[in-house]
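Quick one: this structure, given as C-alpha cells, is what I'll be asking you about.
Derivation of every value follows stated rules applied to the coordinates shown; laboratory data play no part. Keep in mind it's a predicted model, so treat the numbers as computed, not measured. Every residue, glycine as well, gets a Cβ built from its backbone with ideal geometry; the counts of neighbours run over all protein chains shown.
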Amino acid sequence: MDLLYISGLLATAAFAASGVLAALGKRIDLFGAVVVAVVTAVGGGTLRDLILDAPVFWLRDEAWLLVAVVIGCFAFFLRSQLDRYGNALAYLDAMGVALVAAGALQKCVELGLPGLHGVALGVITGIGGGLIRDTLTSRDTLLVSPELYATPIILGLTVQYVAHQWFGLSNIVALFLGGAIIFVFRALAIRLDLRMPSRFVNQRSE
C-alpha cells in the first residue's frame, strides 16, 4: 500500500467518525449512524470522481466501505466517550478535509489539469462529505459560518501546487505539506476561534 492510499483510508475513517458524532443529537440507531458515516466518508471522493468522469473509487475497492462501516460502528458504540470531547467532530472533520482535498489536487496534477482546476476540485472534494453530513443531520454547515473553513483549504492547496510545480517537491511530499497546512490552519481556527475580518462577512441573516 502506498502513502496516498493510506492517507485516503485515514481520511475515510476521520469522516466516518465525524458523521456518527454529528448524528449523536438525533434519536438514531446503529444502522442509521453507519449510513451517515458511510455517506460522509465517501461523499467528497464520489463527487470528485463524477466530476472527473472517472470510475468511482469505492466501487473498485471494498476497503473504503469496510473502513467506513467499521469506524462508524466503533464510533457509535464509543459515542459517550467521544462526546466528552466538545470539538472532536471539528478536529475529525479538519483531518478528513485536509487529506481528501490534498489527494484530490494530486489526482488533478497527475491528470495534467491546470492548477486552478485542481484547487477548485480539491475544495469541492474536501467540503463535499461534510456538507452531505450536515444536511443529513440538520446541522448548520461550517461553510456558511464566519469560522475559517474554506480559506485554509484554498491556502493549503495553493502551497501544495506551487511546491510541486514550481519547486519540484515530489507529489507525496507536496501532498502532505498541503494537507498539514490545511489541518494546522483549521485546528488553530477551531482552538482560537479565528474568523474572517468583519468586512468580509455578510452580517445580514434572513
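Suppose the chain between K26 and I154 were pulled fully straight at 0.36 nm per residue; how much longer would it get relative to their current alpha carbon spacing?
42.8 nm
Quick one: length gained pulling W166 to A54 fully straight, 0.36 nm per residue minus the C-alpha distance?
Length gained between W166 and A54: 37.6 nm.
With the chain treated as a Gaussian network of Cα nodes joined by springs under 10 Å, which of T46, T141, T125 yields the largest mean-square fluctuation?
Of T46, T141, T125, the most mobile in the Gaussian network model is T141.
Ranked from highest to lowest mean number of other Cβ atoms within 10 Å per residue, what is the order of the peptides 61-72, 87-98?
87-98, 61-72
How large is the dipole of the stretch 3-197 about the Cα centre if only Lys and Arg carry +1 and Asp and Glu carry -1, each at its Cβ, rounded to the nearest 20 debye?
So the dipole magnitude of the stretch 3-197 works out to roughly 320 debye.
Of the residues V36, V173, V20, which exhibits the maximal mean-square fluctuation in a Gaussian network model of the chain defined by a 10 Å Cα contact cut-off?
Among V36, V173, V20, the largest mean-square fluctuation in the Gaussian network model of the chain belongs to V173.
To continue, here is another question. Please sort by residue number the trypsin sites (Lys or Arg not before Pro) in the stretch 49-122 whose DSSP state is loop and whose Cβ has at most 12 other Cβ atoms within 10 Å.
Answer in residue order: R84.
Taking only the Cα atoms of the chain, how large is their convex hull per residue, in Å³?
Looking at the chain, the number lands at 128 Å³ per residue.
When the chain is fully extended, how far beyond the present Cα-Cα distance does L3 get from A63, taking 0.36 nm per residue of separation?
Answer, rounded to one decimal: 20.1 nm.
Can I ask one more? Determine the calculated [θ] at 222 nm for the chain from helices alone, applying -39500 (n - 2.57) to every DSSP H run no shorter than 4 residues and normalising by the residue count; nearest 500 deg cm²/dmol.
For the chain, the value works out to -24000 deg cm²/dmol.
I've got another one for you. If you average the C-alpha positions of the stretch 62-108 and of the stretch 33-50 separately, how far apart do those two centres end up, in angstrom?
Here the two parts' Cα centres lie 11 Å apart.
At 20 °C and 1.002 mPa s, what whole-number value in µm²/s does Stokes-Einstein give for the translational diffusion of the stretch 1-91, with Rh from the Kirkwood sum over Cα pairs?
Taking Rh from Cα pairs, D becomes 160 µm²/s.
Here's a follow-up. Which loop-located trypsin sites (Lys or Arg not before Pro) does the stretch 14-59 contain, where loop means any DSSP state but H, G, I, E or B and the Cβ has at most 16 other Cβ atoms within 10 Å?
Listed in order of number, the matching sites are K26, R27.
Per residue of the stretch 48-53, in order, report the coupling 6.51 cos²θ - 1.76 cosθ + 1.60 (Karplus, θ = phi - 60°) as ³J(HN,Hα) in whole Hz, putting x for Gly and Pro.
In residue order, the calculated couplings are 4, 5, 5, 5, 7, 6 Hz.
If you don't mind, another one. How high is the relative contact order of the stretch 3-197, in percent, counting Cα pairs under 8 Å that sit 6 or more residues apart?
25 percent
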